[in-house]
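Since the structure comes first, as structure tokens, the remarks are kept for the end.
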Amino acid sequence: MATLNSPLPKRSQAAALGARAVTESVFGKASVQLKVKNLAFYGILLTALTIATLSIAAILIWSIIEGHPRLDLNLLVNNPSSISPETAGYRPAILGSTYLIAGVILFIVPIGVASAVYMELFANREKWYNRFIELNIQNLAGVPSIVFGILGLAFIVRGPLSLGFVVAAGSLTVALLVLPTVILASREAIRAVPSSILEGSLALGATLWQSVRRQVLSAAFPGILTGVILAVARAIGEAAPLLLVGAVTFVTFDPKYLEGGYSALPVMIYNYAGRPQEEFHTLAAAGILVMLLLLMSINSIAIWLRARSEQNW
Amino acid sequence: MKKNLIATLAVISASAILLSACGSSDSASEDTSAATTSEETTQETTAELSGSVRIDGSSTVAPYAEIAAELFMQENPGVQVSVATSGTGGGFEKFCNGETDGSNASRLIKDEEAAICAENGITNDNIQVANDGISVVVNIDNPIECLSIEQLSAIWTDGAALQTWGEVPGLEDSEVKDVPLTLYGPGSDSGTFGYFTEEVNGDDGLITTNFVDIGEDDNALIVGVEGELGAMGYVGWTYYNESRDQIKALQIDGGNGCVAPELENVASGDYSPLGRGLYVYASDSSLQREEVAAFFSFFLENQAEIASLAGGIPLTDAQLAENLAKLDGLLS
Amino acid sequence: MSSSMVTARSGDANFPSRLRAESPRYGEKIIKALLATAAAISVVTTISIVISLLGPSISFFQDPAVTLREFFTGTQWAPSLANPSFGVLPIVVGTLMVVSFALIVAIPLGILLSIYLSEYAPKRVRKVVKPLLEVLEGLPTVAIGLFTFFWLMPTIVKLTPFLPWAGPFSIGVAGIAVGLVIIPLVSSVSDDAMRSVPRGLREGAYALGASKFEVSLKVVLPAAISGIIAAIVLGASRAVGETMVVMLVAGAGNPNLSFDPTKGIQTMTAFIGGRATGDIATGTLDYNTIFAVGSLLFFMTLAMNILAVKLVKRYREVYD
């Protein structure tokens with residue numbers, strides 16, 4: 001990379017060099033070639049978009065084709081049945097997943113946002129313990145879900161918390177799993193709010209917390225919401241940790257937070273997919289459709305909320 | 001922003017309430033969803049049973065336990081029976097910790113596990129609830145009909161590296177002598193794996209490293225064997241029975257001639273040595289509870305119907321009598 | 001944006017006294033403590049994970065049948081056989097292959113999508129595409145796994161008959177499926193990074209006559225590189241930890257070391273997943289392999305993240 005003779009700080013050199021190269025290319029080369037490049041690039045971008053859209057469509061279509069024989073009301077209101085899979089339903093699993101998600105949201109929103117606010121705005125970056133916390137969170141984002149299952153079994157179901165094989169334990173385990181997602185997304189959201197907003201508020205005499213609460217968090221709300229949506233979506237689909245923490249594959253009663261067995265949609269689907277009988281495979285595909293439906297409704301609510309509060313700087 | 005948060009929470013709680021409300025036809029839907037006919041041999045529960053029964057363990061035995069649970073709950077709606085599938089090993093761990101009332105197992109308890117149970121004071125015994133015949137499956141176009149245990153051992157034992165069917169002792173001049181041999185088998189976390197290796201190769205875990213490990217996905221094994229002429233694999237009987245139009249099973253010669261893995265042969269014990277039992281372990285402390293004792297009795301007394309609904313193989317009369325006696329022993 | 005500068009100053013003894021706060025603001029201190037506690041939960045989680053993994057791992061390595069040397073350099077992984085081997089390389093290679101294929105799919109598609117979203121897409125399109133990507137990210141991995149096994153893989157096999165496919169599993173296809181899973185992650189984090197590049201830089205380039213294509217690739221991309229690297233590392237971390245898709249599509253392969261993407265190979269996560277729900281007796285040496293592999297996974301992702309933080313620091317552009 002050639003260096004400039006100007007007194008620009010190093011960090012802007014990359015951008016300045018880019019601009020310079022661009023100017024030279026405009027005045028130095030034929031513009032037809034550039035137009036072609038532009039168009040080709042745009043085409044590549046659209047191809048990428050198409051691939052992403054097609055993947056979602058393919059999965060949806062596949063689930064509909066495989067599962068449509070079972071798309072009836074029984075699927076939602078009936079209990080599971082190994083005797084008559086043709087009329088079996090996912091009711092306890094739907095309720096179980098809903099209770100689990102409610103618990104997860106109740107945990108990750110306050111803790112996640114609080115952590116992000118602390119790390120971005122209150123913590124002194126120089127201190128070693130703050131950098132340790134930061135490294136921690138980034139690391140947790142990559143720990144496999146099954147390891148959280150091991151953690152949940154050792155410390156939440158048994159060990160210090162001893163909640164037993166109940167919904168609350170499952171919620172907490174999955175919440176810990178998706179917490180880093182919320183924290184990282186919230187940090188990005190807070191970071192994207194220009195610091196002039198915060199500094200202006202401070203200059204007017206507000207305390208740091210007042211400024212954060214009233215100015216920064218409101219401004220960062222859409223980004224935080226994105227993080228929560230992504231976390232919830234991931235939480236709904238996780239089967240591996242729940243299997244270890246006690247989600248059963250056969251219940252016929254409604255779940256309770258602190259007692260009794262429970263099930264969850266992905267756990268049941270995974271179990272059904274592994275059975276030999278064809279009717280269970282159809283049931284599994286239908287279950288995937290139910291999960292997708294649940295997912296889309298949560299996403300739509302969040303999108304609507306976000307659309308109302310998005311702003312550009 | 002506060003309003004938005006409240007709105008979000010409101011919507012979520014509303015949907016939760018809605019779902020639970022629309023499903024309050026709990027007892028109604030249970031009646032309509034389960035099969036109608038269920039011939040009872042005994043059972044007139046005079047008093048209403050209530051409580052909960054927690055079963056965990058092998059995913060092979062789980063379908064039987066689930067059907068038993070469904071039928072049992074039709075008669076005793078006050079009892080909540082749940083069945084989980086943490087695997088035979090995981091089931092034993094919870095069972096010996098006192099966290100479950102019954103443990104589904106596709107193998108007998110190992111010494112290390114029994115030691116933990118003894119440490120925690122859980123006296124237990126195995127109740128056999130069904131039979132299973134491990135079926136050796138090959139491609140449907142494979143002309144071979146029967147293999148002996150010795151031949152199987154030559155193919156599967158530790159150190160074996162056969163490339164074609166012609167290398168199998170006894171098949172050097174057969175039609176398939178030039179067909180490449182591909183082996184499929186469940187992973188070492190499977191009870192089927194443990195049983196097969198012990199019976200065929202002489203020791204649990206003694207096996208060639210030259211096979212395609214399908215993990216726990218028996219359906220994938222069927223797909224694999226179906227797709228290749230020279231493929232061979234082994235699965236539990238229900239998987240074979242459900243896929244008869246995709247693959248075929250070999251007859252096995254255990255020293256008494258070729259025996260096919262058919263229901264009668266497995267139930268009578270002729271299909272040896274690849275016939276095995278499926279068990280549910282019960283502990284005497286859990287059996288103190290009325291509902292648990294009632295569940296186990298129900299399970300055994302209706303095992304024929306349960307096995308047929310599960311697509312499996314029932315117990316013989318002798319086995320049934322033996323296990324009823326075992327249950328009585330634990331109950332007293 | 002960080003205000004550590006602001007908070008650091010307010011405690012400085014040389015700060016002019018007339019600008020210092022009038023009251024000690026205990027409320028603020030309490031709030032700061034509460035926030036710090038929330039952040040510390042992540043530390044508690046990590047410590048708990050380490051504790052729950054470390055104990056059994058230590059007893060695993062203390063067993064005479066296992067040597068550290070064999071574990072890290074052995075090329076056969078068959079812990080439950082009668083003659084067990086404990087060389088962990090085959091499943092590490094499996095994990096790395098999944099990550100490679102996933103990144104091959106996700107890096108170009110993810111970055112292209114983020115460029116499209118931040119530079120090209122009109123507002124209406126963005127309003128549709130961003131939720132679409134969130135749906136893709138939220139797709140349950142069970143669904144993606146089953147879809148890949150039953151449809152995507154047979155289709156790919158049909159389209160490429162020249163490759164030596166055999167059997168129902170393939171780690172290459174599993175990697176591609178995992179790539180699809182992480183595309184939204186890579187693209188949304190990159191998109192956020194690109195959007196925080198100040199308009200001024202772009203507008204300056206446009207003013208000099210640059211085209212959109214040149215501005216995207218030569219101005220915005222380099223400026224946002226730290227965020228993009230973070231996005232890639234995040235995606236790679238997620239790919240390493242993916243369990244369900246690989247269990248269903250990559251299955252398990254041979255106990256021997258293999259680099260063949262057309263066959264099944266077991267990854268570290270699939271190994272743990274299968275073990276933990278399988279038939280192995282708990283407490284045995286065989287079972288403790290779960291914790292040993294789990295610890296290895298944990299430290300691998302830790303190393304990757306430390307590397308990423310270092311890289312990001314080197315290339316970070318701070319505006320404002």
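A short reminder: the numbers here are calculations on the coordinates, not readings from a lab. This structure is a prediction, so every number in the text was calculated from the model and none was measured. Virtual Cβ from ideal backbone geometry, glycine too; neighbours counted across all protein chains shown.
For chain A, the dipole from Cβ point charges (+1 on Lys and Arg, -1 on Asp and Glu) about the Cα centre works out to 1180 debye, to the nearest 20.
For chain C, the square roots a ≥ b ≥ c of the C-alpha gyration tensor eigenvalues yield an a/c of 1.5 or more together with a/b not exceeding b/c, which makes the shape oblate. Dipole of chain A (Lys/Arg Cβ +1, Asp/Glu Cβ -1, origin at the Cα centre): which of A:I94, A:M119, A:I64 lies farthest to the positive side? Value computed over the given set: A:M119.
Could you tell me the calculated FRET efficiency between C:L34 and C:K313, based on Cβ-Cβ distance and R0 = 25 angstrom, to the nearest 0.05?
FRET efficiency, C:L34 to C:K313: 0.30.
Taken along the Cα-to-beta-carbon direction at a fixed 7 Å, the label points for A:R214 and B:K177 span 9.3 nm. Kirkwood hydrodynamic radius computed over the protein assembly as shown comes to 29.9 Å, based on all pairs of distinct alpha carbons. The charge dipole of the protein assembly as shown, taken about the Cα centre with unit charges on the Cβ atoms of Lys, Arg (+1) and Asp, Glu (-1), comes to about 8660 debye, rounded to the nearest 20. Does the range B:135-273 come out rounded, prolate or oblate by the C-alpha gyration tensor, with a ≥ b ≥ c the root eigenvalues, rounded set by a/c under 1.5 and, if not, prolate when a/b is larger than b/c and oblate if not? Rounded. Pairs of C-alpha atoms in the range C:18-83 farther apart than 14 Å represent 76 percent of all such pairs.
Within the set of other residues whose C-beta is less than 10 Å from the C-beta of B:V53, count the net charge using Lys and Arg as +1 and Asp and Glu as -1.
So the environment of B:V53 carries a net charge of 0.
Considering only B:A118, C:F71, A:A307, the residue lying farthest towards the positive end of the dipole of the protein assembly as shown is A:A307, judged by Cα position with unit charges set on Cβ. In degrees from 0 to 90, rounded to the nearest 10, what is the angle of the helix C:285-315 Cα long axis to the longest principal axis of chain C? Rounded to the nearest ten degrees, it is 30.
Comparing B:T88, B:T60, B:T209 in a Gaussian network model of chain B where C-alpha atoms under 10 Å apart are linked, the largest mean-square fluctuation is found at B:T209. Can you find, among C:A252, B:Y279, B:L331, the residue sitting farthest towards the positive end of the charge dipole of the protein assembly as shown, where Lys and Arg contribute +1 and Asp and Glu -1 at Cβ? It is C:A252. Partner lysines whose Cα lies under 30 Å from the Cα of B:K110, excluding those fewer than 8 positions away in the same chain, are identified as B:K94, B:K326. Rounded, prolate or oblate for chain B? Axes are the square roots of the Cα gyration tensor eigenvalues, ordered a ≥ b ≥ c, and the cut-off for rounded is a/c under 1.5. Cα axes put chain B in the prolate bin. Taking the simple approach of a point 7 Å from Cα along Cα-to-Cβ for both A:K35 and C:R69, what is their distance in nm? The two pseudo-label positions are separated by 7.0 nm. Other residues lying with their Cβ under 12 Å from the Cβ of A:A247 contribute a combined charge of -2, Lys and Arg counting +1, Asp and Glu -1.
Placing a label point 7 Å from the Cα of C:E203 along the Cα-to-Cβ line, the residues of the range C:109-141 whose backbone N sits under 20 Å from it are C:118-123.
With R₀ fixed at 51 Å, the C-beta to C-beta distance from A:E24 to A:E279 puts the FRET efficiency at about 0.15. Bridgeable lysines around C:K123 (alpha carbons under 19 Å apart, same-chain partners fewer than 8 residues away excluded): C:K212. Within a straight-line Cα-Cα reach of under 21 Å, C:K313 can be paired with the following lysines, leaving aside sequence neighbours fewer than 8 residues apart in one chain: A:K10, A:K127, C:K218. In chain B the longest region clear of GluC sites (Glu not before Pro) that are loop-assigned by DSSP and have at most 14 other C-beta atoms within 10 Å covers B:176-332.
Note on A:T50/B:Q163: beta-carbon distance plugged into 1/(1 + (r/R0)^6) with R0 of 41 Å gives a FRET efficiency of 0.35. Between C:S100 and C:K212, the simple label model (points 7 Å from Cα in the Cβ direction) yields a spacing of 3.6 nm.
Phi-derived couplings, Karplus 6.51 cos²θ - 1.76 cosθ + 1.60 at θ = phi - 60°, listed residue by residue for the range B:222-227: 4, 4, x, 5, 5, x Hz, with x used for Gly and Pro.
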